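Everything on this sheet refers to the single structure shown next.
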Amino acid sequence: MSAAPQRAKAGAEKIEVIVSAVLPLNDLVTRFEFKRKDGNRFPTFSAGAHTVVHMRDGDRQRLNPYSLMSDPADTETYAISVRRDDEGRGGSLFMHNNVKVGDAMEITYPVNLFSLDLRAKKHVFLAGGIGITPFMAMIAQLERSSDSWELHYSVRTEALGTYVDQLVSKYPNKVRIYYDDQSQSINLENLLDGQPLGTNVYVCGPKGMIDWVHKTAAAAGWPDANVHSEEFTAPQPGKEFQVRLCRSEKTITVGENESLLEAMEREGVDAPFLCRGGACGQCETNVVSSDGEFIHRDHWLEPDEHGNKIMPCVSRFIGKSLEIDR
Amino acid sequence: MTIQFNKETFRDDYSFKNSDWAIQRFPFPFHEDSYMYSVNMEQHRGGPAGSVYEKRFDVDEHYISEMEDRAMVLADDPLRCQSLPHMTLAGWDLLELIMVSKSEDYPDLFELHREGDIWRWINKPMGIDDTFTFLDETTLPYGPMEYITRQTQGDFCVLDQRDDNLWMDAGMVTTQADWSLDFDIGMNFFEWHAPVPLAHEKGIFKRALKFLLNIQQGAPARRLNWTMTVNPLLDTSPENYHKWGIQKTTLTPENIGAKQHLRVELQSFFRLPRSNALVFPIRCYLIAFQDIVKSPKWGRRLHRVIRDLPEELATYKGFIDNRPMMLDFLSKYDDGLPTSPGVFPDNETEPALQK
């Protein structure tokens, strides 16, 4: 069909926004709030959704995904909370150091890769550190629909307990906090044992925590479909490598501190993407030929695809030559 | 804009007819002289002015009579509309999407006034003026999905998204091409497509599912599908096959031009904001063979497509027995001249029939 052929653009639709608030929450985490530049309302979103924030850092365009953590029913304001990563590639540092109230930015429409299972009779949330953000929106949504939930939230110290005070005072009987520095930890076996039939578990936190929850739940006989997780992988720096883009007829060099996807964008190649964190599958690219070793960091490809596909948003390559279909 | 709504029926005396306007804008589904399955998706962001692709939910001259036919189907068989308990939020999402779209796209026909959660909905063609509380089911005469789809042309499948799959967990289905919501309710994408021949082997459904799972808010998509229907029947359901199946045997060389209809579905896909569900509207358009061949390009092309269609597809689409008679009729409108690319009739530029 070709009623009105339009080439799809890479990424989700964008919204121009103005930064309406910058609120440091503790030593590491700052909350940023956005209003629409055109004065209209934001689209409603489903809890668990993220947005990709476009940052103009000099000549460099940075795109980082962050969970939307405001109340999904609030279409006046979107909010994200950003943890400063001093070792990372600079996106969170840019947000902390450069972004001020009144700045114009671009963010994408909400994309949800971590949605609530609305069939669930009860939702159990397990958060580690900054992994609290999607649950802030989920809690707001479930409170509105009067659904059953509880939160188990592990933080390093009282001082770094982002949103702990707010959560504990609002929902004293549904929230439990665990402090690492007081050697408190979630007793997961106990927690999973005896949950009512139809309970769903959601985990967001460091990779080790996510793996632990999946493993423990599986060992306790929980069906995979009732255990949900979201893990965005930030692209890791790595050695520079060259890649041939056979469809664009270009050979480009991927720098130490950029991802293959970013290098393609820098060269003006319109490559598809959504989450930029190895989770959504949108940037999946066929490998035409390769002589070397892949460093796959995504959560998308199956092991048997590791020789002939690559996810340019997070994965890298070391070796003599790489040619991809892009 | 003034649409003259037809007074017509899709049953008994079959008084359904397309005006010249409706014939011109008919969504002819073949962009070339042959047909095979493909993941023929494109963005649903408008189209040429006046075409069925222009608005998010097309309203045409058949609106009132289609809604009357839907009400009759539902009165006989309430199971044509079902919504599993976890899909109510998606129903509200759909109600909002349709009310906002129609009031913006057809301001002279539909109005939506919102004061917080108190909404007033005015549907002038159907004479409806209701005030209700958004997200409060007790303030509507039906559930939100049923309420709004009793006022919107086309079938609606509301698909829950979970476990990397789509689930047929709610729908309003009264104008379907021989499939049953009551049978498919709760099935996943591969299960409800299981009867389709050839496409599984071609990997079509795997690719289509991947595409659909990735449809995002603010970026709807669409595609066309088609089949054949004898008499302008909207309700060609398995539940009523005993009523309409037999009518396929009533074709004669004399009546085929009027009785045989090409049935085209304009399928669109929207991500729903609160529920993260996907809504899949399936809008059915019917056109008699004698009206298709008024456009020389369409007459030539339809003959070639039907002639060359693989036997499995003609069987699956239910017209294998009538194909010879169809070809006898259509061949009179194919002079062998080449056709222009694309789906539009191009009546100004295509040569008249040369025989």
query = Applying the selection to segment B:44-85, what residues are outside any loop (DSSP other than H, G, I, E, B), surrounded by fewer than 18 Cβ atoms within 10 Å (Cβ to Cβ) and within 14 Å of chain A (Cβ to nearest Cβ)?
reply = B:P85
inquiry  = more than 20 Å from B:M41 (Cβ to Cβ) and of a type in the set (V, I, T): is that true of B:I185 in this structure?
reply    = yes
key: Verdict on B:M36 being surrounded by fewer than 18 Cβ atoms within 10 Å (Cβ to Cβ), outside any helix (DSSP H, G or I) and aliphatic (A, V, I, L, M)   = yes
task = Please find, within segment A:112-163, the residue that is nearest to A:F273 (Cα to Cα) out of those that are part of a strand (DSSP E or B) and within 14 Å of chain B (Cβ to nearest Cβ).
result = A:N112
message = Kindly evaluate B:I282 against the criterion of being surrounded by fewer than 22 Cβ atoms within 10 Å (Cβ to Cβ), in contact (Cβ under 8 Å) with a residue 40 or more places away in the chain, among the β-branched types (V, I, T) and more than 13 Å from chain A (Cβ to nearest Cβ).
response = yes
key: Condition broken by A:Q61, with the remaining ones in (1) surrounded by fewer than 16 Cβ atoms within 10 Å (Cβ to Cβ); (2) within 14 Å of chain B (Cβ to nearest Cβ); (3) touching a His at 6+ places or on another chain (Cβ under 7 Å) satisfied   = (2)
inquiry  = Tell me yes or no: at least one residue of segment A:90-106 is part of a strand (DSSP E or B), within 14 Å of chain B (Cβ to nearest Cβ) and buried (at least 24 other Cβ atoms within 10 Å of the Cβ).
reply    = no
ask   = Given the residues A:A12, A:A73, A:A79, which is the only one that is under 19 Å from the mean Cα position of the chain (by Cα), within 30 Å of B:M87 (Cβ to Cβ) and within 14 Å of chain B (Cβ to nearest Cβ)?
value = A:A12
task = Look at B:V173 and say whether it is buried (at least 18 other Cβ atoms within 10 Å of the Cβ) and either within 14 Å of chain A (Cβ to nearest Cβ) or among the β-branched types (V, I, T) (or both).
result = yes
task = Check B:G245, B:G257 and return the single one that is surrounded by fewer than 22 Cβ atoms within 10 Å (Cβ to Cβ), at pLDDT below 95, of a type outside the set (K, R) and not in a strand (DSSP E or B).
result = B:G245
query = Does segment A:275-291 include one or more residues that are surrounded by fewer than 16 Cβ atoms within 10 Å (Cβ to Cβ), away from every other protein chain (no Cβ under 14 Å) and within 14 Å of A:Q236 (Cβ to Cβ)?
reply = no
ask   = In segment A:253-274, what count of residues is obtained for those that are of a type in the set (A, V, I, L, M, F, W, C), more than 14 Å from every other protein chain (Cβ to nearest Cβ), buried (at least 19 other Cβ atoms within 10 Å of the Cβ) and not in a helix (DSSP H, G or I)?
value = 2
message = Tell me whether segment B:221-239 contains one or more residues that are more than 15 Å from B:M41 (Cβ to Cβ) and free of Cβ contacts under 8 Å to residues at least 40 places away in the same chain.
response = no
note = Scanning segment A:201-237 residue by residue, those over 30 Å from A:L93 (Cα atoms), in contact with a Leu (Cβ under 9 Å, 6 or more places away or on another chain) and part of a strand (DSSP E or B) turn out to be A:V201
message = Between a residue in segment A:215-236 that is more than 14 Å from chain B (Cβ to nearest Cβ) and any residue that is of a type in the set (F, W, Y) and buried (at least 20 other Cβ atoms within 10 Å of the Cβ), which pairs come within a Cβ distance under 9 Å, given they are 6 or more apart or on different chains?
response = A:F232/A:Y66
key: Those residues of segment A:251-269 which are touching a residue at least 40 places away in the same chain (Cβ under 8 Å) and among the hydrophobic types (A, V, I, L, M, F, W, C), in sequence order   = A:V254, A:L260, A:L261, A:M264, A:V269
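Here's the yes/no breakdown for (1) of a type in the set (G, A, S); (2) over 24 Å from B:L262 (Cα atoms):
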{"residue": "B:A22", "(1), (2)": "yes, no"}
{"residue": "B:V59", "(1), (2)": "no, no"}
{"residue": "B:V73", "(1), (2)": "no, no"}
{"residue": "B:P78", "(1), (2)": "no, yes"}
{"residue": "B:M99", "(1), (2)": "no, yes"}
{"residue": "B:E104", "(1), (2)": "no, yes"}
query = Does A:S46 qualify as being within 14 Å of chain B (Cβ to nearest Cβ), at pLDDT 95 or above and not in a strand (DSSP E or B)?
reply = yes
query = For A:D59, are the conditions met, namely being over 27 Å from A:V203 (Cα atoms) and without any contact (Cβ under 8 Å) to a residue 12 or more places away in the chain?
reply = yes
task = Output the residue which, of all residues in segment A:292-315 that are among the charged types (D, E, K, R) and within 19 Å of the chain's Cα centre (by Cα), is farthest from A:K239 (Cα to Cα).
result = A:D298
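The values are calculated or read from the model by the stated rules, or taken from the named source; none is laboratory data. The shown structure was predicted, so the numbers you read here are calculated from the model rather than taken from an experiment. Because the Cβ atoms are built from the backbone with ideal geometry, glycine has one as well, and the counts that use them run over all protein chains shown.
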